[in-house]
Amino acid sequence: MASFTLRRIAQAVLVAAIMSFFLYVMLSLLPGDPVDVMLEGNPAVTPELVAQMRKLYGADQPVLQQYGHWLARLATGDLGYSNSQFKPVLAVLGPALAQTSKLMVLTFTISVALAIVLGCVAALKPGGWLDNVISFFAFACISSPAFWLALIFLMVFSVKLHWFPATATALDPNIGLLEQLRYYVLPVLTLTLFNTGQYVRYVRASMIETLNADFIRTARAKGLGWFTVVTRHALRNALVPVVTLMALGFGTLMSGALVIEAMFGVQGMGKAIYDAVMMKDFNVAMVGMLFATIVTLLASLAADLAYGWLDPRISLQ
């Protein structure tokens, strides 16, 4: 298991290094550069001043050389400064990461727990009325766009019923935890429904296949009850193909919830990365996208380790 883990970690580090290079190159292809943003709207700008500023910030160097300097600073822990907000990158992304972490952890935990329960219940009697109800719920979640769900929840729970705040823009981090959670109910509910449908379908399909396996019939022949068979024998084997989907979904929540963050006023990583790209704030955009990539790789690494725990034969191959 140790060698299996080390191989996966080495692969993750290599992929992160390759992705950092491609992300830097893609950002460099955007029109303009940080110097243009800093000097935009200044009537006293002269071509000589622009040339001096580009030389000062290294914007006149080849892309490979710029990437090398950026990588060297990153290795020393220097993430750089925001060209649009004039403060360290960590000070810009720190609050956004805190908001996104709350959103993604709550969403992922509820989605996975709900999908496992509903998928197992639906798989016990395929074609039954309970299976049909759960399948209808799953297809409804898959077919409903996230922005449409957000609009419905805003109209019903915020505008009509006044149960929850419509936006988290004015969220004070100094208030109590329970009060903070009120601001996250609607975005978490939206993302949970949007993600749960596909999880339920995968868990159901995998459970049906596993419950028809020979070792399940053997366990039943020994007199074990359905609850023991499902929880101790079937579920562990059924989760092996589902773990990949869940791991990728966890990584997507880091920066892929931009629409939901915008609609509910959550100042998260997706919004921060989008604003940085629009403002040509390359340091913030680069660090934000690289961090989202690393989270996705860590989720994939966790999935690989979960394979080895769910089925020890995988780590021995």
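The values are calculated or read from the model by the stated rules, or taken from the named source; none is laboratory data. Only a predicted model underlies this, so the values are computations on that prediction, with no experimental measurement involved. Using ideal geometry, Cβ is built from the backbone for each residue, glycine included, and neighbour counts are taken over all protein chains shown. For the accessible areas, the whole protein counts, side chains as well, though only heavy atoms, and no ligand, DNA or RNA atoms are used. Shrake-Rupley method; radii C 1.70, N 1.55, O 1.52, S 1.80 Å.
At-a-glance table
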{"item": "Net charge over other residues, Cβ less than 12 angstrom from the Cβ of residue 126 (K, R count +1; D, E count -1)", "result": "0"}
{"item": "Area of residue 76 that stays accessible when all protein chains are in place (1.4 Å probe, Å², to 10)", "result": "110"}
{"item": "Dimensionless Rg/Rh of region 71-130 - Kirkwood Rh, Rg from C-alpha atoms", "result": "1.40"}
{"item": "Long-range HN-HN contacts of residue 81 with modeled amide H, under 5 Å", "result": "89"}
{"item": "At q = 0.15, 0.18, 0.26 Å⁻¹, base-10 log of I(q)/I(0) for region 92-165 (Debye sum, equal scatterers on each alpha carbon)", "result": "-0.77, -0.96, -1.11"}
{"item": "FRET E, pair residue 132, residue 15, Förster distance 41 Å, beta-carbon r, rounded to 0.05", "result": "0.45"}
{"item": "Within-14-Å neighbourhood charge of residue 222 [Cβ basis; K, R +1; D, E -1]", "result": "+2"}
{"item": "Counted charge near residue 96, where neighbours are those whose Cβ lies closer than 12 Å (Asp, Glu -1; Lys, Arg +1)", "result": "0"}
